[in-house]
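Trainee: I'd like to ask you about the structure that follows.
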Amino acid sequence: MRPGRAGSAARGACTMRSSPLRTPGEYKNGGANLRIVWRYAASPFGTVLIAATDKGICHMAFADNPDAALTNLRAEYPNAQLHEGEHPFHEQALSIFGGGGERIALHLKGTPFQVQVWRALLNIPQGAVRSYGSVAESIGRPRAARAVGTAVGHNPVAMIIPCHRVIRESGVIGDYRWGRGRKMALLAQELGAA
């Protein structure tokens, strides 16, 4: 396990392939014919499990329970060839923790709506937050705040797509897939660095 870079949790530039970001055949069959290289890495906010295909990062999750995190990755890609090891895309993704502006190639599984929401999240600047409703408005779907919330909750790449920057309309921080306390810590660091 190699540590991630310490520093601010800046938003990095991402290269997202056009929707659906992966070919339907690659993911429709549970990742059959995909080779995914994964590893654990340290970050300023806890251990992450990071995984990449030959096209980009497909998964990055905080791994408070490493075994459960790996089980989740295997469940997401049950027919893929999973290999523990190093991949050049891993370092790109880990640069997000050092505030680097390195472009990060992504190879994600998502519906067209999810991808639209994730692209909108990439436009939220460091140190800023948006409500689910304002994200819905930004994609031209002002009545889809709940659907936006669902898409935010399915973000497969922690930090890279900054779903932690989305809060409730009331200003309440709300839940976070990887823990409310971690969301608050991420936002506090970004607000302090902005």
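Trainee: Largest first, what is the accessible-area ranking of T53, T111 with a 1.4 Å probe?
Mentor: Most to least solvent-accessible, the answer reads T111, T53.
Trainee: In the stretch 87-188, what GluC sites (Glu not before Pro) fall in a loop by DSSP, with at most 12 other Cβ atoms inside 10 Å?
Mentor: E169
Trainee: Rank A120, L82, L108 by how far each Cα sits towards the positive end of the charge dipole of the stretch 62-130 (+1 on Lys, Arg Cβ; -1 on Asp, Glu Cβ) and give me just the farthest.
Mentor: A120
Trainee: Pulled fully out, how much extra length does the chain show between N33 and A68, if you take 0.36 nm times their separation in residues and subtract their Cα-Cα distance?
Mentor: Extra length available between N33 and A68 comes to 10.2 nm.
Trainee: Right, here's the next one. Please give the length that would be gained between R180 and E86 if that part of the chain were fully extended, namely 0.36 nm times their separation in residues minus their C-alpha to C-alpha distance (nm, one decimal). Please list the in-between numbers first.
Mentor: Working: separation 94, 0.36 × 94 = 33.84 nm, distance 2.98 nm.
Fully extending the segment from R180 to E86 adds 30.9 nm.
Trainee: For a quick check of your reading of the filter: which trypsin sites (Lys or Arg not before Pro) in the stretch 153-182 sit in a DSSP loop and have no more than 15 other Cβ atoms within 10 Å?
Mentor: Values: sites: R165, R168, R177, R180, R182; in loops: R168, R177.
In loop regions of the stretch 153-182 (DSSP not H, G, I, E or B), the sparsely surrounded trypsin sites (Lys or Arg not before Pro) are R168.
Trainee: How big, on average over all directions, is the shadow cast by the Cα convex hull of the stretch 74-194, in nm²?
Mentor: 8.4
Trainee: Can you send over the carbon and sulfur percentage of the accessible area for the stretch 115-194, probe radius 1.4 Å, protein chains only?
Mentor: Within the stretch 115-194, the accessible surface is 51 percent carbon and sulfur.
Trainee: To the nearest 0.05, how large is the calculated FRET efficiency for A188 and L122 if R₀ is 25 Å and r is the Cβ-Cβ distance?
Mentor: Details: r = 21 Å, r/R0 = 0.84.
Computed FRET efficiency for A188 and L122: 0.75.
The values are calculated or read from the model by the stated rules, or taken from the named source; none is laboratory data. Remember, predicted model here, so these are calculated numbers, not experimental data. Heads up, the Cβs are rebuilt from the backbone with ideal geometry, glycines too, and the neighbour counts pull from every protein chain shown. Just so you know, the surface numbers come from the protein's heavy atoms only, side chains and all, with ligands and any DNA or RNA stripped out. Shrake-Rupley method; radii C 1.70, N 1.55, O 1.52, S 1.80 Å.
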